[in-house]
Structure formats: C-alpha cells, structure tokens
1. List the residue pairs whose Cβ atoms are under 8 Å apart, where the first residue sits in segment 75-99 and is over 28 Å from Leu49 (Cα atoms), the second is loosely packed, with under 12 Cβ neighbours inside 10 Å, and the two are 6 or more positions apart or on different chains.
2. Does Ser93 satisfy the criteria of being out of contact with any helix residue (DSSP H, G or I) (no Cβ under 8 Å at 6 or more places or on another chain) and either open to solvent by 80 Å² or more (accessible area, probe 1.4 Å) or assigned to a helix (DSSP H, G or I) (or both)?
3. For the structure I just gave you, tell me whether Leu33 is part of a helix (DSSP H, G or I) and more than 24 Å from Cys84 (Cα to Cα).
4. Which residues, taken from segment 30-47, are open to solvent by 90 Å² or more (accessible area, probe 1.4 Å) and in contact (Cβ under 8 Å) with a residue 60 or more places away in the chain?
5. Residues of segment 52-68 being among the polar types (S, T, N, Q) and under 24 Å from Thr3 (Cβ atoms), which ones?
6. For segment 22-54, how many residues are more than 17 Å from the chain's Cα centre (by Cα) and under 15 Å from Leu75 (Cβ atoms)?
7. Which one is modelled with the lowest pLDDT among residues in segment 1-16 that are more than 15 Å from the chain's Cα centre (by Cα) and open to solvent by 80 Å² or more (accessible area, probe 1.4 Å)?
Amino acid sequence: MKTLLKRGALVLAPMIAAILLWTRFYRIGIWFLLNALIGSILVSTYIHLIAMSPAHISHVSWEGWGLLFYVTAILSLVIDGLGCWLCGQGLKSIRQSQEILADSGIAQI
C-alpha cells in the first residue's frame, strides 16, 4: 500500500499533470499537480519526520551520505511547498483572466 501511494504521488501524478498542462485541460492539470505536490509533502513528512523507520532523519548518521540525506529530505519539502505556491499563483491568474474575459464580453475557448 505504501509503495503504491509513493509511486502514485511521486511519479505518476506529476507526469499526468505535466501532460494535462500542455493540453486544453490545463486547469485540471494544475489541480492535479497541486494535489500531487500536497501528497508528496504529506508522504515525505510522514516518512522522514513522523514515522520511526530507517528513513527517519533521526536514524541516519551524519557520516557518509547522512548529510546529503538530511539536505535532500528537507529540500524536497521546500521545493514541493514552492510548487504548491506556484500552482496557487497559476490558479489565481487563470481565475483573473476568466474574470477579465467575462467582463469584456469575449467568449472563452
């Protein structure tokens, strides 16, 4: 179950969202990408910060690859958070452009 969730949230969902973003279904693509990023944040937070497992950041030593593990665990959360913010900005700009088109009387495609 965890493997399916990780693969779906981390691999398949962003790929599907990227495909949708290049089509006329870009609104659905943005929502799909936003949900994938939120899922990624939730899964990463649970795996690296909450669940006591070998992937928890407190179980990895600073030696060898440990520092890289710490950096990438936190950096992935920051990047996913930035992606969520960008999706929000995209949704906001779509809504504003729709309002402008509605006010001007131009038909929406």
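1. Gln98/Gln108
2. Numbers: out of contact with any helix residue (DSSP H, G or I) (no Cβ under 8 Å at 6 or more places or on another chain): yes; either open to solvent by 80 Å² or more (accessible area, probe 1.4 Å) or assigned to a helix (DSSP H, G or I) (or both): yes.
Here the answer is yes, as Ser93 does meet what is asked.
3. Details: part of a helix (DSSP H, G or I): yes; more than 24 Å from Cys84 (Cα to Cα): no.
Considered against the rule, which asks whether it is part of a helix (DSSP H, G or I) and more than 24 Å from Cys84 (Cα to Cα), Leu33 comes out as no.
4. Narrowing segment 30-47 to residues open to solvent by 90 Å² or more (accessible area, probe 1.4 Å): 31, 35, 42, 46.
Scanning segment 30-47 gives a single hit, Trp31.
5. First, the residues of segment 52-68 that are among the polar types (S, T, N, Q): 53, 58, 61.
Passing the criteria: Ser53, Ser58.
6. So in segment 22-54, the residues more than 17 Å from the chain's Cα centre (by Cα) come out as 22-25, 49-54.
After this cut, where a residue has to be under 15 Å from Leu75 (Cβ atoms) as well, the list is 49.
Counting residues in segment 22-54 that are more than 17 Å from the chain's Cα centre (by Cα) and under 15 Å from Leu75 (Cβ atoms) gives 1.
7. At the first step, the residues of segment 1-16 found to be more than 15 Å from the chain's Cα centre (by Cα) are 1-4.
From what's left, open to solvent by 80 Å² or more (accessible area, probe 1.4 Å): 1-2, 4.
Values: Met1: 58, Lys2: 64, Leu4: 69.
Taking the candidates together, the pick is Met1.
Conditions (1) open to solvent by less than 80 Å² (accessible area, probe 1.4 Å); (2) touching a Leu at 6+ places or on another chain (Cβ under 6 Å), marked per residue:
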site	(1), (2)
Ala18	yes, no
Ile28	no, yes
Leu49	yes, no
Met52	no, no
Ala55	yes, no
Ser61	yes, no
Gly81	yes, no
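The values are calculated or read from the model by the stated rules, or taken from the named source; none is laboratory data. As the structure is a computational prediction, the values presented were derived from the model and not from experiment. When we count neighbours, we look across all protein chains shown, and the Cβ atoms used for this are built from the backbone with ideal geometry, even at glycine. Only protein heavy atoms, including side chains, enter the accessible area calculation; ligands, DNA and RNA are left aside. Shrake-Rupley method; radii C 1.70, N 1.55, O 1.52, S 1.80 Å.
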